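Here the structure comes first, spelled out in structure tokens, and everything after it is commentary.
The values are calculated or read from the model by the stated rules, or taken from the named source; none is laboratory data. These numbers come from a predicted model, not from an experiment. Because the Cβ atoms are built from the backbone with ideal geometry, glycine has one as well, and the counts that use them run over all protein chains shown.
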Amino acid sequence: MNLSPFSFFNLFGTNPPICIFSPSRRVRGNTTKHTLENVLEVPECVINIVTYDMVQQTSLASVEYPKGVNEFIKSGFTPIASELVRPPRVAESPVQLECVVNEVKALGDGPGAGNLVIAEIKLMHIDERILDAEGRIDQLKLEHVARLGGDWYCHVSKDNLFKVAKPVRTMGIGVDAIPYAIRHSKILTGNNLGQLGNVEALPTDEAIDDYSQFPEIKELLDATIGDSQTRETQLHLKAKQLLDEGRVEEAWRVLLVG
Ligand SMILES: Cc1cc2nc3c(=O)[nH]c(=O)nc-3n(C[C@H](O)[C@H](O)[C@H](O)COP(=O)(O)O)c2cc1C
């Protein structure tokens, strides 16, 4: 039984649900990998998502054992029968995708050439322990790993997960619509400008006036009367702090209150 890690992998469509991974031709000897040979022989596979707990055994599964060696046994993972396809699933993985292979696209015939395995997901098995209250995958519970260059990996954990508001249903004003002095601030970063440009409208004059009465803001404004440079610096610093906390509306009010 063949089991191999593939980091050249992604989801490319949801209707039909298509994953693609790429077992490339070996650089040494220009031979093809067993995974490729197997999907050409039997156009089915199971994609098992790898979590932090699985990473060392997964790496072990990348050893080029001779064809016929059971890589479940070598890596110590547990095979369980799939429901729709012949290859088994990895019991330890919280997301197992049973797929049929629609097409294999060779990207060349020289050493290192990729082979796109276009796999349509027919059945997903998702461990309930990684779901949130709404039944969606909870990124904090998944404990994903990402493979980077060389021997480097990243453990996707609460320390390095962050959110970016999706501009799908809204039409952001764009960075070009941000007033010049804000757009050219020495304090605000490109990320900050992206956040500011993602709002649909600037706060109303009324909302800005209200904000100028907030004790913290009033104090800042009073302390910088006649010193517009310091005022701008202080306001931009305050706005940056709010933006870094994801409080975009408030940041806009701070920036326009001066
Ligand atoms: C984390 C990790 C990711 C890998 N990703 C790929 C990949 O995307 N494409 C590839 O051809 N080989 C990749 N490899 C190497 C293959 O896993 C290795 O060549 C494979 O186990 C060959 O086995 P097979 O001949 O049984 O298919 C990766 C190895 C590791 C450890």
Enumeration of residues in region 69-102 that are buried (at least 16 other Cβ atoms within 10 Å of the Cβ), within 15 Å of the ligand (Cβ to nearest atom) and of a type in the set (D, E, K, R): 71
Counted residues, region 173-196 - those being of a type in the set (Gly, Ala, Ser) and more than 22 Å from the chain's Cα centre (by Cα): 4
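From 164, 199, 168, grab the single residue that is assigned to a loop (DSSP other than H, G, I, E, B), aliphatic (A, V, I, L, M) and at pLDDT 90 or above.
199
Regarding residue 157, is this residue touching a Phe, Trp or Tyr at 6+ places or on another chain (Cβ under 8 Å), assigned to a loop (DSSP other than H, G, I, E, B) and modelled with pLDDT of 90 or more?
yes
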Filtered residues of region 104-121 (kept if over 26 Å from the mean Cα position of the chain (by Cα) and assigned to a strand (DSSP E or B)): 106
Region 30-39 - residue that is within 12 Å of the ligand (Cβ to nearest atom) and either in a strand (DSSP E or B) or of a type outside the set (D, E, K, R) (or both) and, of those, surrounded by the most Cβ atoms within 10 Å (Cβ to Cβ): 39
Every pair of residues 6+ apart whose Cβ atoms lie under 7 Å, when the first sits in region 156-170 and is hydroxyl-bearing (Ser, Thr, Tyr) while the second is loosely packed, with under 12 Cβ neighbours inside 10 Å: 170/200
Region 6-26: number of residues that are in a loop (DSSP other than H, G, I, E, B) and more than 10 Å from the ligand (Cβ to nearest atom): 2
Qualifying residue in region 145-167 (condition: loosely packed, with under 14 Cβ neighbours inside 10 Å and touching a His at 6+ places or on another chain (Cβ under 6 Å)): no
Positions within region 235-246 being touching a helix residue (DSSP H, G or I) at 6+ places or on another chain (Cβ under 9 Å) and either at pLDDT 95 or above or buried (at least 19 other Cβ atoms within 10 Å of the Cβ) (or both), in sequence order: 235, 236, 238, 239, 240, 241, 242, 243
Single residue of region 192-211 satisfying the filter (in contact (Cβ under 8 Å) with a residue 40 or more places away in the chain and polar (S, T, N, Q)) that is surrounded by the fewest Cβ atoms within 10 Å (Cβ to Cβ): 198
Residues that are touching a helix residue (DSSP H, G or I) at 6+ places or on another chain (Cβ under 7 Å) and not in a loop (DSSP other than H, G, I, E, B), drawn from region 75-103: 75, 79, 101
Qualifying residue in region 60-68 (condition: surrounded by 13 or more Cβ atoms within 10 Å (Cβ to Cβ), within 14 Å of the ligand (Cβ to nearest atom) and more than 22 Å from residue 153 (Cα to Cα)): yes
Positions within region 218-234 being touching a helix residue (DSSP H, G or I) at 6+ places or on another chain (Cβ under 6 Å) and surrounded by 18 or more Cβ atoms within 10 Å (Cβ to Cβ), in sequence order: 220, 234
Residue check, residue 130 under 20 Å from the mean Cα position of the chain (by Cα) and more than 23 Å from residue 76 (Cβ to Cβ): no
